[in-house]
Amino acid sequence: MGRKRISYKNIDNFINIGITISSLRKARGMSQEDLAEKASISRTHLSFIEAPGIVQGFSLNTLYNISEALGISPAEIFQASAKMSESQHVNAR
């Protein structure tokens with residue numbers, strides 16, 4: 001499977017979602033290996049999703065699998081990511 005190109009305007013969104021997933025995973029005491037196994041993805045793929053310096057697109061199916069493995073809805077991931085984005089904009093002022 002080739003890497004998906006992400007338009008420049010969406011890069012920050014993917015970075016924030018990845019950081020949010022990482023934070024939620026750590027808050028639950030899960031390793032990348034634990035979450036990846038429960039979400040039926042490779043640990044390497046999860047690592048790319050979570051890494052702020054590497055922007056890699058991923059499918060809605062993957063997002064649903066990750067959210068289910070975390071015990072939350074995809075909407076909660078988006079909400080947490082949006083809060084993070086808002087706080088970054090406030091702190092940048």
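The values are calculated or read from the model by the stated rules, or taken from the named source; none is laboratory data. Note that the structure is predicted; figures quoted are calculated from it, not measured. Note that each Cβ is placed from the backbone with ideal geometry, even for glycine, and that neighbours are counted across all protein chains shown. The area values use the complete protein model at the heavy-atom level, side chains included, leaving out ligands, DNA and RNA. Shrake-Rupley method; radii C 1.70, N 1.55, O 1.52, S 1.80 Å.
Identify the residue in region 47-91 that is charged (D, E, K, R), open to solvent by 50 Å² or more (accessible area, probe 1.4 Å) and at pLDDT 95 or above and, among all such residues, is nearest to residue 11 (Cα to Cα).
Start the filter on region 47-91 by keeping residues that are charged (D, E, K, R), which leaves 50, 68, 76, 83, 86.
Those left that are additionally open to solvent by 50 Å² or more (accessible area, probe 1.4 Å): 68, 76, 83, 86.
Now drop any that are not at pLDDT 95 or above, which leaves 68, 76.
On the way: 68: 24, 76: 20 Å.
Here the answer is 76.
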Could you grab the pairs with beta carbons closer than 9 Å, sequence gap of 6+ or different chains, first residue in region 66-93 and more than 16 Å from residue 18 (Cα to Cα), second one at pLDDT 95 or above and open to solvent by 90 Å² or more (accessible area, probe 1.4 Å)? 71/28
Those residues of region 34-44 which are on the phi < 0 side of the Ramachandran plot, surrounded by fewer than 17 Cβ atoms within 10 Å (Cβ to Cβ) and not charged (D, E, K, R), in sequence order: 42, 44
